[in-house]
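Enquirer: Below you will find the structure I want to go over with you.
Nothing in this text is a laboratory measurement; each read-out follows from the coordinates by a stated rule. This structure is a prediction, so every number in the text was calculated from the model and none was measured. FYI the Cβ positions are ideal-geometry reconstructions off the backbone, even for glycines, and counts take in every protein chain you see.
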Amino acid sequence: MSFLFRPKTAVGLVLLLAFALRLLALWKYGLNLTLNSDDMGYVRSAQRLLESGMLTYHRADEPTVHIMPGMPLLLAAVFSVFGSGAIGLYAAKLVMIAFGVGNVYLIYLLGNDLGRPWAGVIAALGTALFIPLIETDNLTLTEAPFLFGFLLFIRFAIRLGRHRQMADFYKLMAAYLFCLLFRPTIALVPFALLGYFLLIRYPWRLAWKQVWIAAILIVLVLGPWWVRNYIHYGEFIPLTGSSGDPLLLGTYQGYGYRYGPPYKEVVGSIEKQHPQMSHYEKEKLKKEIAIQRMKTWYRANPGQWLESYTIKKTKAQWEQPFYWIEIFGVSKNEMAVWHQRIVIFAFISIALTILFGKPHQRELLFFVFLIAYFTALNNVFFAYPRYNLPLMPMLFLFIGVLLSSVASLWARKTAASP
């Protein structure tokens, strides 16, 4: 019976549980489980891509730079095989579920890479059971594939830092570019990677060589996207042109609501005055208004501006889960309570494991850099719990590292006692 207490066996059971729960959600809620928001926007975009060959989002006749092409391309690939009707939508949800179960396994592998396989099992169990992750794995959103690529990126970054092999570098770049095709917010994550490489004293000569290779790979992969955007809009758009609205919305968080007219009034006035503008041009206008609002706010009260863009926005990101639709009888209030407990325990775990987790302290600090990077980036724009959902498995991993360390210490003391 000892095989039942091995990490590999345990994670196998966790993977079965993760798959079963996600399939249960699909069976119970089917195609009715939808936000009728971004998820269906991606579906319509993929359908039009197959019909016309044009990548669109808000309007069928306007080429979009609102989103990266990854999600429409992925869904279009599924729809080209299964059709874009009910069967195709079910197939797309199954693909998302496959990514979700893969994420459960990848967070286990990260724990194993730290020499803490049971920490990986605990993290995998948390990822498997976390209701918002089960829900998003049943939606056609970017979360599941992005998280898959992101966890691969972290794993290959650690392997590259340890072994310094070009094979790991190319895998790292593949994961990074995969993520970039789904979410532009990962674009500057190499700065977090730089912090990790400084900690481990990565060779500068090798680093510069890999920087040049990385630049070439980015040009090769994103070059067609840049050309396409230039053809449609006559300017260089490296990723997306959708930052205006979240930047403007972010100026109404914290104490920002005290300055200028309400958000709906600002947007309504843009629509009224510029009805013929493309969505991209409206986003640029919103960005200009947002920057002006930030300047006005900062001049009026720099203390409140700073507090809003640090403390208040961080709190807005982390105090609530991204859980729009109640499933499995779990209410939004119950989920919020559990989410807050998990986040508090996770941040306590982060502090304790960084202080006392010496064998892999640098890797744990790398995880902290990543959490800090995404939190700070989201604070610049509209702080929203959805953007931190891909970070939850890392929080579960910190909890796993702490619990497995305490269990190991208790076991050693028990064995040493007469």
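Enquirer: Between rounded, prolate and oblate, where does the range 251-345 land on the alpha carbon gyration tensor, with a ≥ b ≥ c its root eigenvalues, rounded for a/c under 1.5, else prolate if a/b exceeds b/c?
Expert: Since a/c reaches 1.5 but b/c is at least a/b, the shape of the range 251-345 is classed as oblate.
Enquirer: Positive end of the dipole of the chain, charges at C-beta (+1 Lys, Arg; -1 Asp, Glu), about the Cα centre: which of ALA167, ILE231, HIS66 has its Cα farthest in that direction?
Expert: The residue sitting farthest along the positive end of the dipole is ALA167.
Enquirer: Turning to a different aspect of this structure: With just the Cα atoms defining each centre, how far is the range 121-144 from the range 168-197? Give it in Å.
Expert: First find each Cα centre; the distance between them is then 22 Å.
Enquirer: Which lysines have a Cα lying under 22 Å from the Cα of LYS358, excluding residues fewer than 8 positions away in the same chain?
Expert: Candidates past the 8-residue exclusion: LYS413.
Enquirer: Grab the Cα-Cα distance for VAL330 and ALA300, subtract it from 0.36 nm times how many residues apart they are, and report the gain in nm with one decimal.
Expert: Result for the pair: 6.4 nm of gain on full extension.
Enquirer: Here is a further query. Once you have the Cα-Cα distance between LEU198 and LEU377, take 0.36 nm times their residue separation minus that, and quote the gain in nm to one decimal.
Expert: Here the answer is 62.3 nm.
Enquirer: Still on this model: Where does helix 117-129 land angle-wise versus the long Cα axis of the chain, in degrees 0 to 90, nearest 10?
Expert: 40
Enquirer: I've got another one for you. Charges only on Cβ, +1 for Lys and Arg, -1 for Asp and Glu: so what's the dipole of the chain about the Cα centre, in debye to the nearest 20?
Expert: 1260
Enquirer: Shifting gears a bit: Treat the count of other C-beta atoms within 10 Å as a stand-in for reagent exposure and order ARG6, ARG116 from fewest to most.
Expert: ARG6, ARG116
Enquirer: Helix 392-416: angle to the longest alpha-carbon principal axis of the chain, degrees 0 to 90, nearest 10?
Expert: 10
Enquirer: For the cross-link pairs LYS264/LYS284; LYS284/LYS315; LYS284/LYS313; LYS93/LYS282; LYS287/LYS313; LYS287/LYS315, which exceed 21 Å when the distance is taken from alpha carbon to alpha carbon?
Expert: LYS284/LYS315; LYS284/LYS313; LYS93/LYS282; LYS287/LYS315
Enquirer: Hull surface divided by four, with the convex hull built on the Cα atoms of the range 360-402: how many nm²?
Expert: Result: a mean projected hull area of 3.0 nm².
Enquirer: If you don't mind, another one. Can you give the angle from 0 to 90° between the axis of helix 166-180 and the longest principal axis of the chain, with both taken from C-alpha atoms, to the nearest 10?
Expert: 40
Enquirer: Per the helix-only calculation at 222 nm, which mean residue ellipticity applies to the chain, given -39500 (n - 2.57) for every DSSP H run of n ≥ 4 and division by its residues, nearest 500 deg cm²/dmol?
Expert: Helix-only estimate at 222 nm: -23500 deg cm²/dmol.
Enquirer: Can I ask one more? How big is the gap, in Å, between the Cα center of the range 265-328 and the Cα center of the range 369-416?
Expert: 28
Enquirer: Determine, for ILE97, ILE67, the number of other Cβ atoms within 10 Å of each Cβ, and report the residues in order from fewest to most.
Expert: Ordered from fewest to most neighbouring Cβ atoms within 10 Å, ILE97, ILE67 come out as ILE97, ILE67.
Enquirer: Give the residue list of trypsin sites (Lys or Arg not before Pro) in the range 44-142 that are DSSP loop and have at most 12 other beta-carbon atoms within 10 angstrom.
Expert: Within the range 44-142, the qualifying trypsin sites (Lys or Arg not before Pro) (loop, at most 12 other Cβ atoms within 10 Å) are ARG59.
Enquirer: Once label points are set 7 Å from the Cα along Cα→Cβ at both VAL219 and PHE5, what is their separation, rounded to one decimal in nm?
Expert: 5.8
Enquirer: Same structure again: Given springs between every Cα pair under 10 Å in a Gaussian network model of the chain, which of LEU16, LEU75, LEU106 has the largest fluctuation?
Expert: Judging by the Gaussian network model, the answer is LEU16.
Enquirer: Follow-up question, since we're still on this one. Just going by the charge dipole of the chain, with Lys and Arg at +1 and Asp and Glu at -1 on Cβ, which of TYR108, GLY260, PRO184 is farthest out on the positive end?
Expert: TYR108
Enquirer: Taking +1 at the Cβ of each Lys and Arg and -1 at the Cβ of each Asp and Glu, which of GLY41, TYR280, PHE382 sits farthest along the dipole of the range 2-409 towards its positive end, judged by Cα position relative to the Cα centre?
Expert: Positive-end residue among those listed: PHE382.
Enquirer: Okay, moving on. If you rank THR127, THR375, THR296, THR142 by fewest surrounding Cβ atoms within 10 Å, what's the result?
Expert: Listing THR127, THR375, THR296, THR142 from fewest to most nearby Cβ atoms yields THR296, THR375, THR142, THR127.
Enquirer: Which order do the peptides 335-344, 284-293 come out in when sorted by mean C-beta neighbours inside 10 angstrom, highest first?
Expert: Ranking the peptides 335-344, 284-293 by packing returns 284-293, 335-344.
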